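As structure tokens, the structure follows; a few thoughts come after it.
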Amino acid sequence: MRHFLNLADAGPDAIAAMLADALDRKTARNGWPKGKPDADAPLSGHVLAMVFEKNSTRTRVSFDMAIRQLGGSSIVMDAGLMQLGRGESIADTARVLSGYVDAIMIRTDDHAKVEEMAHFASVPVINGLTDLSHPCQIMADLLTVIDAGKALPGLKVAWLGDGNNVLYSIVEAAGLMHFEVVAACPQGFQPDESVLAKGKGRARCVASPHEAVEGADVIVTDTWISMGQAHAETKLDAMMPYQVTEALMASAKNDAVFLHCLPAHRGEEVTAEVIDGPQSLIWAEAENRLHAQKSVLRWCFGQIG
Ligand code: CP
Ligand code: NVA
């Protein structure tokens with residue numbers, strides 16, 4: 001059974017194969033109506049159930065469209081309206097859903113819940129974001145970087161701001177795909193050593209945003225307050241020196257690109273000039289969630305790698 005809980009579950013060869021497949025499929029259906037299935041409809045008849053314990057726009061719609069374009073269909077559920085929301089266990093939910101659908105995607109808080117779902121499900125389980133990680137987002141980010149003409153090995157990726165779940169998956173990707181991550185995070189919001197270790201020597205944390213961005217190929221940031229976290233002015237104050245500005249972008253390579261998983265807060269983690277400027281690839285990045293996740297779904301069903 002193939003579960004996609006973190007990038008390491010697939011490994012570097014399968015990730016490379018998924019990215020190549022995603023690019024091929026994206027190119028092959030260029031200009032088609034979005035609801036028209038791919039010519040080979042490789043997951044015809046398959047149903048994906050999605051369980052959301054947190055808000056979502058991109059993950060919800062991109063997975064729904066991904067399974068449709070692969071020839072299948074989806075059922076989308078808010079956990080609060082399921083018996084899960086009244087205390088039914090993840091284990092029982094996993095066993096019941098496995099009898100109805102062919103794959104489960106879940107977005108939740110505690111990463112242990114996704115692991116429990118995978119343990120008790122008899123169908124593939126996909127992590128649609130936990131407090132620990134966001135592997136589907138980073139599949140889309142890698143696809144965006146490659147589609148912009150940059151080969152992954154040897155790239156310098158600069159992360160600015162909070163040492164959060166999105167950074168975890170970037171660090172993991174660095175270790176697997178052999179690029180460098182330099183994260184500039186304020187004191188108290190740096191990733192744990194155990195997270196940096198996922199980068200297998202290719203990830204480090206610095207205090208200076210300029211040091212992180214110097215000569216970088218890709219600049220990435222994310223919201224300073226993630227879902228489930230309390231709004232704290234003290235955190236926003238600590239983060240302010242790590243805002244991605246045009247001045248900071250000027251320290252990166254001339255052809256550096258800017259990524260943000262969205263939703264964004266202009267004037268907080270990034271200025272409007274940068275996120276809406278010529279180096280920003282955020283709209284391609286958001287669209288690539290769809291293309292990347294189609295390949296993740298195909299990998300889960302043994303069609304790739
Ligand atoms: N980037 C991302 O996961 O967006 P949503 O929260 O809208 O799904
Ligand atoms: N770090 C953010 C990502 C949102 C897609 C969060 O967890 O809320």
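Coordinate-derived values only; no laboratory data. As the structure is a prediction and not an experimental result, all values here were calculated from the model. Here the Cβ positions follow ideal geometry from the backbone for every residue, glycine too, while neighbour counts run over all protein chains shown.
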Q. Against the longest principal axis of the chain, how steep is helix 282-300, in degrees 0 to 90 to the nearest 10, with axes from Cα atoms?
A. 40
Q: Measure out, as a whole number of angstrom, how far apart the alpha-carbon centroids of the range 263-291 and the range 204-248 sit.
A: 14
**Q.** Rounded to 10°, Cα long-axis angle of helix 90-100 versus longest principal axis of the chain
**A.** 50
Q) Taking Cα atoms, how many degrees apart are the long axis of helix 165-177 and the longest axis of the chain, rounded to 10 and kept between 0 and 90? A) 90
Q) Which net charge results when you count Lys and Arg as +1 and Asp and Glu as -1 among the other residues whose beta-carbon is under 14 Å from that of Q303? A) -1
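What net charge do the residues around V181 carry, taking every other residue with its C-beta under 9 Å from that of V181, with Lys and Arg at +1 and Asp and Glu at -1?
Details: positive: K156, R202, R204; negative: E180.
So the surrounding residues net to +2.
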Q: Could you calculate the FRET efficiency of V96 with W283 from 1/(1 + (r/R0)^6), where r is the beta carbon distance between them and R0 is 30 Å, rounded to 0.05?
A: 0.20
Q. Under the classification rounded if a/c is under 1.5, otherwise prolate if a/b is larger than b/c and oblate if not, where does the range 110-256 fall, given a ≥ b ≥ c as square roots of the Cα gyration tensor eigenvalues?
A. oblate
Q: List the residues whose amide H sits under 5 Å from the amide H of L155, counting only those 5 or more places along or on another chain, with H placed 1.01 Å from N in the peptide plane.
A: E180
Q. Going by average Cβ neighbours within 10 Å, how do the peptides 116-125, 286-295 rank, with the highest at the top?
A. 286-295, 116-125
Q) How large is the helix-only mean residue ellipticity at 222 nm for the chain, computed as the sum of -39500 (n - 2.57) over DSSP H runs with n ≥ 4, divided by its residue count, in deg cm²/dmol to the nearest 500? A) -11500 deg cm²/dmol
Q) In the structure shown, do any of K34/K150; K156/K235; K198/K235; K156/K198; K200/K235; K36/K294 have a Cα-Cα gap over 22 Å, and if so which? A) K34/K150; K156/K235; K198/K235; K200/K235
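Which order do the peptides 97-107, 49-59 come out in when sorted by mean C-beta neighbours inside 10 angstrom, highest first? Intermediate results must be reported in sequence, preceding the final value.
Values: 97-107: 21.5, 49-59: 19.2.
Output ranking for 97-107, 49-59: 97-107, 49-59.
Neighbour counts of other C-beta atoms within 10 Å: give me F4, F301 arranged from fewest to most. Display every interim value, and only then the final one.
Working: F4 26, F301 17.
With the sparsest Cβ surroundings first, the list reads F301, F4.
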